[in-house]
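The values are calculated or read from the model by the stated rules, or taken from the named source; none is laboratory data. Just so it is clear, the model here is predicted, and its values are computed rather than measured. Positions of Cβ are backbone-derived with ideal geometry, glycine not excepted, and every protein chain shown enters the neighbour counts. Note: areas computed on protein heavy atoms with side chains; ligands, DNA, RNA excluded. Shrake-Rupley method; radii C 1.70, N 1.55, O 1.52, S 1.80 Å.
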Amino acid sequence: MSGKGLVDAERRRFNAFALAPSLIVLFMIAGLPAIYLVVTSLTPFQLVNPGSSTDFSSPLRNYRLLPDDPRFVNSLWVQAKLSFCGVLFQVLLGMLLALLLHTQSRVVEFARTFFLIPMVLPPIVVAIIWKLIYTPDISPLYYAAGLLNIAMPSLTSSVDFALTAIIIADTWEWLPFTFLMVLAALQTIPDEFSEAALVDGANRLQIFFYITLPFITPILVISGMFRLIDSVKAFPLVFLLTGGGPGSVTEVTNYYAYLLAFDFNEIGYSSSVTVVMLLLVVSVSLGVVWMGRRREAMA
Amino acid sequence: MSGPIRRSASVRRLVAIGVTLIVLLSPFLWLLQMSFKSNDLILQFPPPLIFTPTLQNYVSLWQGAFPASFVNSLMSASFSTALALILGVPAAYALSRWAGRGKHALSFAILVTRMAPPIAFTIPFFLFYRWIGLLDTVTGLVLVYTSFNLPLVIWMMQPFFETVPQSLEEAALVDGASSRIVFLEIVLPMVTPGIAATAILCFLYAWNDFFFALILTRINARTAPVAVVNFMNYEGWEWGKIAAGGSLVMAPVLIFSLAVRRYLVSGLTAGAVKG
């Protein structure tokens, strides 16, 4: 064996040793739980009924129940509304904010940092902040509405406004994310493009639609997909602001699965809801990776 | 409008930025100012904007069970960060130098663990912990936090390792150094800033968790976010304590995220765009 071959073999051994512990641990703390979740979803498991955890007599029973469960179907619908509106607002407002803050001024660069605050705050603190704003007796919002003689309904307990209240809070929390992504994309646009267009007599709107927008469209799509994947995690907001109510107007799938497992004791059924949710998330993630690669291939 | 980049912003733009900033940050500032108000002042209507601040809420937090939960948060976040770094940094290095087949599939599998909604892990972890007695322990939280911090380390560290010139490593290898020595003494020192940024992001993710702590802890290992929510109880909401506790929970986050703001996006997206 040549010297180079010896070095390669030593290197391969080192790589294997460096990688193995992580893979083993990840398999144990993520792979096994995922497998166990699928196994549990095939049983009618209830904590009060220990024997039920190994009852595989009718493995697909939970999955057959799902389409006829109005609360499950409703939760998917609520999730779709929350995700769609949230992502739409976050991408649009994030883009506007990025366009506003895309300059080389020192002051603006300093200010940018403060726009990131909502995103980094602990989600439960975000939920507390919005609970404050939506609680009539101590809310600055209700006080301001009172000054202007506007009669404000109780937002979080109203069938018409509860979901909107959550979408507003979610948009506030995640707007900085789309803002950061779009800002990064704007900074890759060469100045010469818009300068040349200006010389040719293009107005600002034309520059935006023909130069800026095509440049940032991929980032708009990708950051939207990221927000879409993460929008199923809006648990603290729902938990604290509405508790899924009124009725089940704000009961997203994640929250319904939580109630099923830890309130109604239906561990097996909750697992099947979660498996379906997980499959949806994985397929969207695959889409993001695929688009990312295609983008890289184009670049 | 993007337009050509200007050296200084126009007055109109500065005003627009200022107004947006105030609107965006006022909900956050409202919580902060409330933490310095006595309960009487909090319930006063209209809310007084100018008042004598008091530390009363913070003092009563300090005297209660809150400090213990704060320590639980600190411990579970720090230990899970340490564990994720010890395991993940060498793994990220190996992956970044691995040209073999299966790299993409493996990377995607690691990524999915990070994107999965927490409820997917909570049910199995809850059942398993109940069985082996890890419910309501900091150890239990450390393990569950590692399940999302380890993939983050593996994803975030790879680009940092890719910036280290391979010729440097090859030269050392040819000189007879072992791969282990090359990794520890040449490569690691060059990626220290990356490790620091990754560590802070791991800490923040664990610190920000509410869902796992809500389900996997009761009293002994209760974390600060769960403790704050417990001030919203049936006898009435202790708004002063909620505001002060909330402010304390967000304090480390604000300090740390300023330190790593350059890496925030890559940390949040965990490298997925690179596929």
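Quick notes on this structure:
- Any hit, segment A:163-171, residues being in a helix (DSSP H, G or I), closer than 30 Å to residue A:104 by Cα and modelled with pLDDT of 85 or more: yes
- Contacts under 9 angstrom Cβ, first residue in segment A:182-203 being surrounded by 13 or more Cβ atoms within 10 Å (Cβ to Cβ), partner at pLDDT 85 or above and assigned to a loop (DSSP other than H, G, I, E, B), 6 or more apart: A:182/A:102; A:183/A:102; A:186/A:102
- Count - residues of segment A:119-136 that are at the interface with another protein chain (Cβ under 7 Å from one of its Cβ atoms) and either farther than 19 Å from residue B:226 by Cα or in a loop (DSSP other than H, G, I, E, B) (or both): 3
- Some residue of segment B:44-65 being closer than 17 Å to residue B:237 by Cα, at pLDDT 85 or above and either within 9 Å of chain A (Cβ to nearest Cβ) or open to solvent by less than 30 Å² (accessible area, probe 1.4 Å) (or both): yes
- The listed residue being open to solvent by less than 30 Å² (accessible area, probe 1.4 Å), in a helix (DSSP H, G or I), hydrophobic (A, V, I, L, M, F, W, C) and touching a Ser or Thr at 6+ places or on another chain (Cβ under 8 Å), out of B:77, B:84: B:84
- Residue match in segment A:245-259 (condition: at pLDDT 95 or above, at the interface with chain B (Cβ under 7 Å from one of its Cβ atoms) and open to solvent by less than 20 Å² (accessible area, probe 1.4 Å)): yes
- Test for residue B:131: is it outside any loop (DSSP other than H, G, I, E, B), without any contact (Cβ under 8 Å) to a residue 24 or more places away in the chain, open to solvent by 30 Å² or more (accessible area, probe 1.4 Å) and hydrophobic (A, V, I, L, M, F, W, C): yes
- All told, residue B:101 meets the bar of being open to solvent by 10 Å² or more (accessible area, probe 1.4 Å) and not in a helix (DSSP H, G or I).
- All conditions but one from (1) open to solvent by less than 30 Å² (accessible area, probe 1.4 Å); (2) at the interface with chain A (Cβ under 8 Å from one of its Cβ atoms); (3) under 29 Å from residue B:193 (Cβ atoms) apply to residue B:122; the one that does not is (3).
- Residue among A:87, A:91, A:120, A:125 that is closer than 23 Å to residue A:279 by Cα and open to solvent by less than 70 Å² (accessible area, probe 1.4 Å): A:87
- Some residue of segment B:157-179 being open to solvent by less than 10 Å² (accessible area, probe 1.4 Å) and within 26 Å of residue A:252 (Cα to Cα): no
- Filter result for residue A:66 (assigned to a helix (DSSP H, G or I) and within 14 Å of chain B (Cβ to nearest Cβ)): no
- For segment A:100-109, the criterion of being in a helix (DSSP H, G or I), basic (Lys, Arg) and either open to solvent by 50 Å² or more (accessible area, probe 1.4 Å) or over 14 Å from residue B:14 (Cα atoms) (or both) is met by at least one residue.
- Within segment A:35-60, the set of residues being surrounded by fewer than 18 Cβ atoms within 10 Å (Cβ to Cβ) and either hydroxyl-bearing (Ser, Thr, Tyr) or assigned to a helix (DSSP H, G or I) (or both) comprises A:35, A:36, A:38, A:39, A:50, A:51, A:52, A:53, A:54, A:57, A:58.
- Flag for residue B:239 being open to solvent by less than 60 Å² (accessible area, probe 1.4 Å), in contact (Cβ under 8 Å) with a residue 40 or more places away in the chain, over 26 Å from residue B:145 (Cα atoms) and not charged (D, E, K, R): yes
- Subset of segment A:260-295 that is crowded, with 18+ Cβ neighbours inside 10 Å and among the hydroxyl-bearing types (Ser, Thr, Tyr) - its residue that is farthest from residue A:62 (Cα to Cα): A:285
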